[in-house]
1. May I ask you to say which residue of 284, 308 is closer than 30 Å to residue 498 by Cβ, of a type in the set (S, T, N, Q) and surrounded by 15 or more Cβ atoms within 10 Å (Cβ to Cβ)?
2. What's the number of the condition residue 489 fails, among (1) out of contact with any Leu (no Cβ under 7 Å at 6 or more places or on another chain); (2) open to solvent by 30 Å² or more (accessible area, probe 1.4 Å); (3) of a type outside the set (Gly, Ala, Ser)?
3. Can you tell me which of (1) of a type outside the set (Val, Ile, Thr); (2) surrounded by fewer than 21 Cβ atoms within 10 Å (Cβ to Cβ); (3) closer than 24 Å to residue 221 by Cβ is the one residue 173 doesn't meet?
4. I need the full set of residues from segment 602-623 which are open to solvent by less than 30 Å² (accessible area, probe 1.4 Å) and more than 19 Å from residue 528 (Cβ to Cβ), in order please.
5. Can you tell me which residue among 225, 221, 286 is closer than 19 Å to residue 192 by Cβ and outside any helix (DSSP H, G or I)?
6. Does residue 236 count as in contact (Cβ under 8 Å) with a residue 24 or more places away in the chain and either assigned to a helix (DSSP H, G or I) or more than 37 Å from the chain's Cα centre (by Cα) (or both)?
7. When you go through 152, 196, 188, 205 one by one, which is the residue that is modelled with pLDDT of 85 or more, out of contact with any strand residue (DSSP E or B) (no Cβ under 6 Å at 6 or more places or on another chain) and farther than 14 Å from residue 76 by Cβ?
Amino acid sequence: MAGHNHKPNKRKRPLFRLTIVLFGLLVLSLIAGGVMLAYLYITPLPVAETQRYSRLLDSRGDVIATFSSSGHPPERVVLKDISPMLIKATLAVEDRKFYDHPGFDLKGMARAVLVNLEHMDSKQGASTLTQQLARNLYLSHEKTLVRKLKEAKFTAQLEMKYDKDEILEMYLNEIYYGHGAYGIESAALMYFDKPAKDLSLAESAMLAGIPKGPTYYSPYNHMDNAVNRQKIVLNAMVETGFITRAEADKAASVNVALQPQDRQQNKVIASFFRDYVRGLVTKQLNITEEQLEQGGLNIYTTLDPQAQKAAEEAVEKEMDSKSGLETALVSIDPRNGHIKAMVGGKNYRENQYNHALAKTRQPGSTFKPIMYLTAIASRQMTGISMFNSQPTLFHYDNNRKTYQPSNFGDKYLGEINMRQAIAASDNIYAVNTILQIGPEEVKEMAKKMGISSPLEAVPSLALGTSPISPLEMASAFAVLASNGQRIPPIAVLRITDVTGRNLYTAPEEKGEQVVEPAAAYVLTRMMEGVFETGGTGRRVSSLMKRPVAGKTGTTDTDAWLVGYTPELSTAVWVGYDKGRQINSTDSRRAAPIFAQFTEKALESVPPKIFPIPENVVSAYIDPKTGKLADTECPEKSLEVFIKGTEPVEYCDAHGSKQKSVKPEDTTKPEDTVKQEERSWWSDFKRWWVE
């Protein structure tokens, strides 16, 4: 009997052992699963592809572009600033169980497997929004087992590290909607010219359908496909209970108003400046192309967003998009050398050549102020020095060579002074001047002012026959605006890596005094006459409500206006790329661009007069004789001089016998300021009242 009692125990032992083994495996599985979950939780996610791109930041610290293939900065929005209709449309068509599953839709995956087996092909996918986000952020779109395993890992990590709303927000900010628009805000602005929060049901349904095939379902490329896809999205919203059938039918009947492609709002601003900075950092600051593309650098620049917008708007308004005429604008703060705005052409998409850097264009008469500054600083000439404007054959190089320039329209003014010559852009006066002071001296002054392009020291240099870039011209005129102080142009202030570590900081530039302040100021006062009656810039004087000095310039192929205020020195050029001559209409486009840009860029800055430096005196002059005006002179003009170069004799052409005066008796420093203030009264009325 005892033997029979032991048999059942023996039969139970294998079952008990199996239970123990299974329990042990379960415990080990739980431990392994826990370890795996802990590993996934503590392991950081890789750097997203969009975070690897280096970013270009403006002077306010805002991102304006990236160094990616598209160049577009992220237009990120929080979930509450996205239309609820867009959110519902996306969930209905992409992932109806988003808020219920843990990142993987197991039922959907099983259903997709069955469909694919039935058709023996990959007919259906089952990617959740989280899986799509993981793929877009961290992976390529190749269909391999390794990629699938990585996708599963990153999907699990995203679900562990973020809540559902955060994942949905990231998805809507990363997904591609076609035509360079990444994220729903960029897409809403591009397609409908409105922020994402203002999208209607019809617009939301159309946008939600695009990510499945950004090219195939683009309303710009295939409107029929886009509309059919929109209906699928609306039906999905009805099936999920997000909207009623009546609402869907009403939305489907709406003809959505697309933004014309040529007015798309997702275009990259400051594209030419971005390329300029790329060249600077790779060629001069030891940053590699790989670092730019994959290093996640932050490049802090001097670009002023308001000035850049003003520049692009002025160019867009004045340039004919259908013409081959090109343009360039570059503007510099003369107080610190910061490049505030740069436009290298009228349409970056069609032509990426940066004309602002082109050293192939003749500056024409805009070069004359550099020569006149040389003359004034040398004290060989003043604003009242006279030459006869008449057809002239000039001899130079010890009479071995001749040069015969002419004035525009063969218009000659007779005896004129420097102020009149600058305002009228007289070529005969200019060549007389360069022959008196010497071409080599002018060339040396240009070099001091920042002109690095090669200049030929011949009489025609006075008329701007040596090519110079717009950037160089803006930098040179900045010397005049800053009372003779030269600061090299600066575009990049600081560079940091992805961790915030500083890689580069621009050295503090104190500036170099390349010409005495009094000489720069005397020339500035004369250059203000360019925008007054009789000046070549008078056509745009009504557009400007602040003191501006400048110079126009026109050649057979180029038209310029280079000018400045105390805050900005700006060069504008227009012309054709292939040497084609400009006509009179083309030549008139530079001045309006300059005027509109200057006023818009400085609209929040009160008008300022150019500060008067020491060693400047003023006196009323008889313009006919160039002598001090007396009570009998019918015409008088207030002129400024470097102290010691002002005239000392009174005019005797009108019967007066007034004696000469000593130079120190003409004006006292405090009297100069008072006279200056009185002479500006009419200008102030124009700046503040008109």
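1. On the way: 284 fails: surrounded by 15 or more Cβ atoms within 10 Å (Cβ to Cβ).
Checking each option against the conditions leaves just 308.
2. If we test residue 489 against (1) out of contact with any Leu (no Cβ under 7 Å at 6 or more places or on another chain); (2) open to solvent by 30 Å² or more (accessible area, probe 1.4 Å); (3) of a type outside the set (Gly, Ala, Ser), just (1) comes out false.
3. With respect to (1) of a type outside the set (Val, Ile, Thr); (2) surrounded by fewer than 21 Cβ atoms within 10 Å (Cβ to Cβ); (3) closer than 24 Å to residue 221 by Cβ, residue 173 is out only on (2).
4. Hit for segment 602-623 is 622, nothing else.
5. Values: 225 fails: outside any helix (DSSP H, G or I); 286 fails: closer than 19 Å to residue 192 by Cβ.
So the residue among 225, 221, 286 that is closer than 19 Å to residue 192 by Cβ and outside any helix (DSSP H, G or I) is 221.
6. Details: in contact (Cβ under 8 Å) with a residue 24 or more places away in the chain: yes; either assigned to a helix (DSSP H, G or I) or more than 37 Å from the chain's Cα centre (by Cα) (or both): yes.
The answer is yes for residue 236.
7. Details: 152 fails: modelled with pLDDT of 85 or more; 196 fails: farther than 14 Å from residue 76 by Cβ; 188 fails: farther than 14 Å from residue 76 by Cβ.
After applying the criteria, what remains is 205.
Conditions tested, residue by residue: (1) open to solvent by less than 60 Å² (accessible area, probe 1.4 Å); (2) over 38 Å from the mean Cα position of the chain (by Cα).
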site	(1), (2)
129	yes, no
134	yes, no
146	no, yes
158	yes, no
161	no, no
164	yes, no
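The values are calculated or read from the model by the stated rules, or taken from the named source; none is laboratory data. No experiment lies behind these values; they were computed from the predicted model shown. Please note: Cβ atoms are built from the backbone with ideal geometry, for glycine as well, and neighbour counts cover all protein chains shown. These area figures cover heavy atoms from the full protein model, side chains too; ligands, DNA and RNA do not enter into them. Shrake-Rupley method; radii C 1.70, N 1.55, O 1.52, S 1.80 Å.
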